[in-house]
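What follows is calculated from the coordinates using simple rules that are stated; it is not laboratory data. The structure displayed is predicted, hence computed values, not measured ones. Quick reminder, even Gly has a Cβ in these numbers, built from the backbone with ideal geometry, and neighbours come from all protein chains shown.
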Amino acid sequence: MVPVSFVKVEGLGNDFILLDRRARSRAELDEEVSWAQAHAARLCDRRTGIGADGILLVGPGLAGGVASMIVVNFDGSRPEMCGNGLRCVAAFVAAQLPTSGPTREATVVIDTDAGPRRCQVSEADDGAITVSVEMGAAKLLGTQAPRAGVGREFVGVSLGNPHAVCFVGDDEDPETLARALGPAVERDPAYQPDKTNVEFARVSAPQAIELWVWERGVGITEACGTGACATAVAAARAGRVACDLPVAVALPGGTLLITVPSDPAAEVVMRGPCRQVFAGVFADPSPSSSS
């Protein structure tokens, strides 16, 4: 068996197995992606594997970035973007940049399947890492009432990946709805062939949203960065929250601050924490793998 080095990282409990593949060629990276897709369920299993929501492959920069990020979900699918994963990758890469002296700030551009993303990495006195990410301009995709939503309306939003956002009443529980309706809405014919992430949200106070997300290819997660952005965008465009001011989006794992610009063509900004949990080595039975 071949030993494979990894780093376990997380952002608000949305956790990943990070594999540093920056020394690989593009062809080798493509092979690594196929390998990760084949083994994701085994590696991410929380009882018999390392345990994670997905795998982050950090490759060489492809479009001017210092590195690239490829995400593989628990089920082996490849989403276009992952906000929490991106913060983790940015912090990982920034920590290894050469510096001329002590610094607690770094700016890195990470290439993703949704395009390059500029990330500002900050380290506090206690070592806590916070990353602000320019997530790109959001696109509203219209409102639909999928059959699986049992009469509810969902606002379509794209942050490079698809989201269907449903705002619930004050007397309804977003978690219950996400667990009950999320799986079917994800796969509803209205969202084929790519399926969709599904958000159930409630505006709980001015500039504050409570959110539960059923992630495409994963299920319920502790946090979803692009889901928080999509929900804040849907709320802002409907006048539920204000533009150009941070919106506190409370997820099961913690809170992200999302700023939606009044200009629809401008970048949505996400700010939140991330950390490295531990590093390790696992034994891979595939003879073609390397550490």
The simple spin-label model distance between GLN37 and ALA180, using points 7 Å out along Cα→Cβ, in nm, is 3.6
With label points set 7 Å from each Cα along the Cα-to-Cβ direction at GLU28 and SER5, the distance between them in nm comes to 1.3
When HIS163, HIS39 are ranked with the fewest other C-beta atoms within 10 Å first, the list becomes HIS39, HIS163
The simple spin-label model distance between ASP170 and LEU62, using points 7 Å out along Cα→Cβ, in nm, is 4.7
Over all Cα pairs of region 164-224, the Kirkwood radius sets Rh, and Rg/Rh then becomes 0.99
The answer for the per residue Cα convex hull volume of region 139-266, in Å³, is 92
The FRET efficiency for LYS139 and VAL277, from their Cβ-Cβ distance with R0 = 45 Å and rounded to 0.05, is 0.85
In whole µm²/s, the translational diffusion coefficient that Stokes-Einstein assigns to the chain, given a Kirkwood hydrodynamic radius over C-alpha pairs, 37 °C and 0.692 mPa s, equals 171
